[in-house]
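**Student:** I'd like to ask some things about the structure below.
The values are calculated or read from the model by the stated rules, or taken from the named source; none is laboratory data. These figures come from a predicted structure and were not determined experimentally. When we count neighbours, we look across all protein chains shown, and the Cβ atoms used for this are built from the backbone with ideal geometry, even at glycine.
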Amino acid sequence: MNQADFFATLEGRLCDYLRGAGSPVWCDGFVPNSAFDTTQASFVAGEVWMMAVPPNASEELWSFNLRVNQRLDASDDWADLEALFGVDFEARMVLVYCGRAGTDLTPTNSDPRRDLVDYLVHRGIHAELVESKYGASILAKRDPSDENSDAQRVMQQGSSWVVEELTGKFGGVVFGTWKAACDHVIACWAEA
């Protein structure tokens with residue numbers, strides 16, 4: 001089963017979850033539109049069609065984020081992935097945590113800060129999780145052996161991510177996802 005087949009089956013699995021939770025909505029299909037990997041996980045994001053139960057209203061396009069606790073390409077075998085769902089009705093967001101049977105899918109164990117560090121390291125940028133007066137944050141440096149090297153701090157604030165240029169060139173920039181924050185760090189250094 002490839003990724004496309006997996007998403008066709010995921011629709012029914014989300015409907016079963018929603019029905020079991022007594023939810024007022026059901027799923028009418030996933031539309032994946034971006035995918036990326038870290039060294040330890042795969043991520044897919046996109047939109048999901050949701051409709052009220054009974055289907056008396058028009059469909060709404062919500063967002064979804066899916067995390068697989070191992071690296072998988074679209075053509076790899078996606079069969080036998082178990083899934084845990086989280087549905088945020090206010091934000092119109094579906095979160096899906098996937099993994100093979102017997103692996104830990106618990107969302108609390110998939111700390112997005114660790115995924116962020118892994119994503120940057122996978123792209124050749126030195127990054128580490130550090131504790132500071134601002135709380136836990138990610139320190140990304142162009143050259144870790146040079147204390148004057150460009151450095152950026154990435155912090156989660158509520159549901160947003162803030163990138164702060166520590167050399168004073170840019171100031172703080174706010175992003176909606178950790179991946180967008182990482183891509184900003186990568187883009188800033190590509191321009192330099």
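**Student:** Look through the range 66-96, keep the residues that are in contact (Cβ under 8 Å) with a residue 60 or more places away in the chain and crowded, with 17+ Cβ neighbours inside 10 Å, and return whichever of them is nearest to the chain's Cα centre (by Cα).
**Tutor:** Per the criteria, the residue is 96.
**Student:** Any idea which residue in the range 153-174 is farthest from residue 95 (Cα to Cα), counting only those that are modelled with pLDDT under 75 and touching a Cys at 6+ places or on another chain (Cβ under 9 Å)?
**Tutor:** Checking each candidate, the answer is 169.
**Student:** The conditions are (1) within 20 Å of residue 176 (Cβ to Cβ); (2) out of contact with any Asp or Glu (no Cβ under 6 Å at 6 or more places or on another chain), and residue 61 fails exactly one of them. Which is it?
**Tutor:** Residue 61 satisfies all of (1) within 20 Å of residue 176 (Cβ to Cβ); (2) out of contact with any Asp or Glu (no Cβ under 6 Å at 6 or more places or on another chain) except (2).
**Student:** Something else about it: Can you name every residue in the range 113-138 that is farther than 18 Å from residue 187 by Cβ, assigned to a strand (DSSP E or B) and within 20 Å of the chain's Cα centre (by Cα)?
**Tutor:** 128, 129, 136, 137
**Student:** For the range 7-43, give me each residue that is part of a strand (DSSP E or B) and of a type in the set (A, V, I, L, M).
**Tutor:** Residues satisfying the conditions are 25, 31, 35.
**Student:** Determine whether residue 49 is at pLDDT 85 or above, surrounded by fewer than 17 Cβ atoms within 10 Å (Cβ to Cβ), among the aromatic types (Phe, Trp, Tyr) and over 28 Å from residue 156 (Cβ atoms).
**Tutor:** yes
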